[in-house]
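Worksheet: the structure to be examined is printed underneath.
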Amino acid sequence: MTTASSPDHPTRRDFLFVATGSVAAVGAAAALVPLVLQMNPDASTIAAGAPIEVDLTPIAEGQDIKVFWRGKPIFVSHRTKKQIEDARNVTVASLPDPESDDARVKPGKDQWLVVIGICTHLGCIPIAHEGQYDGFFCPCHGSVYDTSGRIRSGPAPTNLPVPPYQFVSDTKIQIG
Amino acid sequence: MSGPSDYQPTNPALKWIERRLPILGLMHSSFVAYPTPRNLNYWWTFGAILSMMLALQIVTGVIMAMHYTPHVDMAFKSVESIVRDVNYGWLLRNMHASGASMFFIAVYIHMFRGLYYGSYKEPREILWILGVIIYLLMMATGFMGYVLPWGQMSFWGDTVITNLFSAIPYVGDSIVTLLWGGYSVGNPTLNRFFSLHYLLPFVIAGVVVLHVWALHVAGQNNPAGVEPKTEKDTVPFTPYATMKDAFGVSCFLLFFAWFIFYMPNYLGDAENYIPANPGVTPAHIVPEWYYLPFYAILRSIPDKLAGVVAMFGAILILAFLPWLDSAKTKSSKYRPLAKQFFWIFVVVCLLLGWLGGKPAEGIYVIAGRVLTFCYFAYFLIVLPVLSRIETPRPVPNSIADDVLAKTGSKSTPMVSSVIALAVAGALFAGSVQDARAAEGQEIPPSQKWSFAGPFGTFDRGALQRGLKVYKEVCASCHSLSYVAFRNLADAGGPGFSPAQAAAFAAEYQIKDGPNDAGDMFERPGRPADYFPSPFPNEQAARAANGGAYPPDLSLINKARSYPRGFPMFIVDLFTQFQEQGPNYVSALMQGYVETPPAGFALPEGSYYNKYFPGHAIKMPNPLSDGQVTYDDGSPATVAQYSKDVTTFLMWTAEPHMEARKKLGLQVFVFLILLTGLLYFTKKKIWADAH
């Protein structure tokens, strides 16, 4: 029998071993898929993350409410004229995360600010109407956001994100 | 694990590690260089199979614990949400639940192998006793795991088994209270069982390490039962035993996959798809098949304490086997009498298992006593006597001689015994169904279902029509709590689009709240909502239905069954017949008889149904021709309604059935390929060893 193999002359025996090893490896890798993917959100969690509707009528000017969407607090603020002006009277380029107030609200709905109320530093919930800009102040590590939810000082790197939302009527928004 | 290693790594990094922690040397000497007798047959691969099963059970179990809620109000529902909502949850659950049975099948073969070849004899006594400890731990773990889904059998199995301890004189009741953590089986019991069910597998793993350690000190026994003397008698563990084990494991996985993908409920009990109800005991309490022989021993003794003692004694006696059988010859191959008695003992065990699934009455009780006597007689009379009077045949001089003598005579006995064992095992498992020998119930006719068989799929039209029948007829009394509107748009379901499912949901009013004022309110349903129940609670349902509680229909097709009888349940294993539930539900819809047979006393407020156990059902005949209008031209008959609604309810019970069978086919193609490759690889490797 000439089964002695060398790198130049692979034998049928080598082929068999490599084939068996490869098939076994593919099987082991495929078996890992369900074991890992089970950790992703399950179907009921995904279904529960469907868009929600928020009625704006009870929110008076200068007030804000906190609603939950996908387990995240969403701040809906009814801004005063002064708060809107404060947000617009800044040089956008001078901000840590430059973004104009226009880009953070819906056109013609300047008074409504909708942001995800999670500090972009390490995930604490900032307090509304606090801090030197009358926006949001995060008590954990002292990040200060303005009336547009933009980061002005402190360790947070970016502005409070605006969730996907739209006005379904003048007094109702759908988040998600 | 067998003395100092001669393993010398050349890589400097490995050298550095090896000098500080010689773990590579340990691995090398235990699983590479370790000399293994060259005449081992495939019965010896069950050690590797068991190791794999333990690892699989731990992996799938740890994963399921991520999704399971050990609380009496949520356990059943959380298991259902694992199966329905978690990604691949149905697969993991099937693997874990059938895995328990596979684990026991493998351990029984492993134990009988040890028994036949005398693997418990000097110097392997401690190895054997460690095995008995592992077996006891497995039984405890399996039992506690069976409690966790909190179905009817979980609850009543728990009640019966914990009550065994009440047989202990003086302190029995206190011990039972201690086990329960209450005045009855309840939430504290479930919580501690979950904790222990998580802990014990790791204890098993620890004892397995000791078991393997002891094995590697004494060396493996072998079919000849003579110890290796020269190097010619052994081959290195790797690649020889490794490849043989890999082939054995792969074959076992094929067997395992049959149950995971095609017969997930064959080894289970339909009763356990009914949520635990502390007020109603199922008519036939049967433990899982792997406890049946001991259950039979328990029941055959008329005294409570003696029964419990006999049952535990039947297991503990195994630990004394090395001293009960003092014959010098190990392998039964060379012990003509012991060999015969061994097979008689196997049959006794199987028959005891069969009896364990039978009702404890009449001839069964007598047979149980006779067989219990036989069981103990094997250990206490047969083996001690045989070891004194039997003249063994001469054993081979060495393992090498044994191998030489065998070349030529191929191992056909192995194949036939595997077949015999498979049939016996099926008989055993099927006897569980037998136990429900239904009194006063006619067997429903078998119908043709689109979802039956390995390639079965749901008939979309039937699912949609069935949904209509449920909504217009059944829903006035029966809930469908485990099904959400969004499921209607799931793959493998009735084929709604997400928009259709949302529109369907919006037709329902769902109670929500509290709102900002603290009030509950109603709103239109959303896809994420579940089908609302017609009654706010069980009491209201009973009050409106003459005292009967209309069961939730989500799982009804898996929660109803009937005995198939011998030999059909063995045939079922191969034909994948598992449509008892649908046959029954569909027959029940059509089984109403206006005038009960003469002599049948129909209770007030009941109706006569041919297929309902006991015949007196509180539900009036729900269907009549023309009751529901079909848009697709299907006949508006009771027969068609029954068929459609049953198909729909099969989907609600098993929403991922199509995905399961599809993945099953892929897994089978893969496993057959892998098994084939492993077979030829193993053959090549062993070619120069024979």
Exercise. Under the definition of partner shielding as Cβ atoms of other protein chains within 10 Å of a residue Cβ, what is the mean value for peptide A:33-46?
Worked result: 6
Problem set entry | Stokes-Einstein translational diffusion, segment B:65-167 - Kirkwood Rh over all Cα pairs, 0.692 mPa s, 37 °C, in µm²/s | 206
Exercise. For chain B, list the DSSP H helices whose alpha carbon atoms reach 20 Å or more along the long axis and whose average Kyte-Doolittle value is -1.0 or above?
Worked result: B:46-65, B:89-116, B:125-147, B:187-218, B:242-257, B:336-356, B:363-377, B:412-434, B:638-653, B:657-687
For this session: Measure off 7 Å from each Cα along the Cα-to-Cβ vector at B:Ala540 and B:Ile315, then give the distance between these two points in nanometres to one decimal.
Result: 4.6
Seminar exercise, completed: With all protein chains present and a 1.4 Å probe, the order of B:Val171, B:Val132 from largest accessible area down is B:Val171, B:Val132
For this session: Can you check how the C-alpha radius of gyration of the protein assembly as shown compares to 2.2 N^0.38 Å, as a plain ratio?
Result: 1.16
Exercise. In percent, how large is the relative contact order of chain A, given Cα pairs closer than 8 Å and 6 or more residues apart?
Worked result: 18
For this session: Report relative contact order for chain B in percent, whole number only (criteria: Cα-Cα under 8 Å, sequence separation at least 6).
Result: 15
For this session: Would you kindly state the longest site-free stretch of chain B, with sites defined as GluC sites (Glu not before Pro) in a DSSP loop (not H, G, I, E, B) surrounded by at most 11 other Cβ atoms within 10 Å?
Result: B:1-360
Seminar exercise, completed: Output field shielding_mean for A:16-23 (other chain Cβ, 10 Å radius) holds 5
For this session: Please report, in cubic angstrom per residue, the volume enclosed by the convex hull of the alpha-carbon atoms of segment B:215-265.
Result: 121
Exercise. Mind checking which lysines have their C-alpha under 29 Å from A:Lys81, skipping anything on the same chain fewer than 8 residues away?
Worked result: A:Lys66, A:Lys72, A:Lys106, A:Lys109, A:Lys172
Exercise. Once every DSSP H run of n ≥ 4 in chain B is given -39500 (n - 2.57) and the sum is divided by its residues, what mean residue ellipticity at 222 nm do you get, rounded to the nearest 500 deg cm²/dmol?
Worked result: -17000 deg cm²/dmol
Exercise. Under 13 Å from a point 7 Å along the Cα-to-Cβ line of B:Gln340: which residues of segment B:94-121 have their amide N that close?
Worked result: none
Seminar exercise, completed: Partner lysines whose C-alpha sits under 18 Å from that of B:Lys643, ignoring same-chain residues fewer than 8 away, are B:Lys448, B:Lys468, B:Lys471, B:Lys558, B:Lys610
Exercise. Ranked highest first by the average count of other Cβ atoms within 10 Å around their residues, in what order do A:30-40, A:139-149, B:93-103 fall?
Worked result: B:93-103, A:139-149, A:30-40
Seminar exercise, completed: The summed charge of the B:Trp156 Cβ neighbourhood (under 11 Å; Lys/Arg +1, Asp/Glu -1) stands at -3
For this session: Quick one: which residues, 5+ away or cross-chain, put their amide H under 5 Å from the amide H of A:Ala50? H built at 1.01 Å from N.
Result: none
Problem set entry | Of every Cα-Cα pair in segment B:269-345, the percent that sits beyond 14 Å | 75
Seminar exercise, completed: Per the C-alpha gyration tensor (a ≥ b ≥ c, the square roots of its eigenvalues), segment B:520-561 is rounded if a/c is under 1.5, else prolate if a/b beats b/c, else oblate; here it's oblate
For this session: Take the Cα pairs of segment B:281-401, get the Kirkwood Rh, then feed it into Stokes-Einstein at 10 °C and 1.306 mPa s and tell me D in µm²/s.
Result: 100
Seminar exercise, completed: One finds, for B:Leu178 and B:Met74 with R0 = 35 angstrom and r their Cβ-Cβ distance, a FRET efficiency to the nearest 0.05 of 0.90
Exercise. Among residues other than B:Trp90 whose Cβ falls under 9 Å from its Cβ, what is the net charge (Lys/Arg +1, Asp/Glu -1)?
Worked result: +2
Seminar exercise, completed: Rounded to a whole number, the mean other protein chain Cβ count within 10 angstrom for residues of B:87-95 is 3
Exercise. Once you have the alpha carbon radius of gyration of chain A, what is it after dividing by 2.2 N^0.38 Å, with N set to its residue count?
Worked result: 1.72
Problem set entry | Distance between modelled label sites at A:Ala50 and B:Asp516, nm, 7 Å Cα→Cβ extension | 2.4
For this session: Identify the residues of segment B:105-140 with backbone N under 14 Å of a label point that sits 7 angstrom from the Cα of B:Leu421 along the Cα-to-Cβ direction, or state none.
Result: B:105-117
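According to the square roots a ≥ b ≥ c of the eigenvalues of the Cα gyration tensor, what is the shape class of segment A:64-161, taking rounded for a/c under 1.5, prolate for a/b larger than b/c otherwise, and oblate for the remainder?
Working: a/c = 1.57, a/b = 1.12, b/c = 1.40.
In terms of gyration-tensor shape, oblate.
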Seminar exercise, completed: So, with points 7 Å from each Cα along the Cβ direction, the A:Asp102-B:Tyr170 label distance in nm works out to 9.1
For this session: Calculate, in whole percent, how much of the Cα-Cα pair population of chain B lies beyond 34 Å.
Result: 53
Problem set entry | Estimated FRET transfer efficiency (A:Arg12, B:Ala65; beta-carbon r; R0 56 Å; 0.05) | 0.75
Exercise. So how much slack lies between B:Val370 and B:Trp686, counting 0.36 nm per residue of separation and subtracting their Cα-Cα distance, in nm?
Worked result: 109.1 nm
Problem set entry | Kirkwood-type radius of segment B:188-286, with distances r between different C-alpha atoms, in Å | 18.8
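Give me the net charge of B:Ala462's neighbourhood, meaning all other residues with Cβ under 11 Å from the Cβ of B:Ala462; Lys, Arg count +1, Asp, Glu -1.
+1
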Exercise. Roughly how much of B:Tyr198 is accessible, in Å² to the nearest 10, using a 1.4 Å probe?
Worked result: 90
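The values are calculated or read from the model by the stated rules, or taken from the named source; none is laboratory data. Remember, predicted model here, so these are calculated numbers, not experimental data. All Cβ positions, glycine included, derive from the backbone under ideal geometry; neighbour counts span all protein chains shown. In case anyone asks, the SASA skips ligands and DNA or RNA and just uses the protein heavy atoms, side chains included. Shrake-Rupley method; radii C 1.70, N 1.55, O 1.52, S 1.80 Å.
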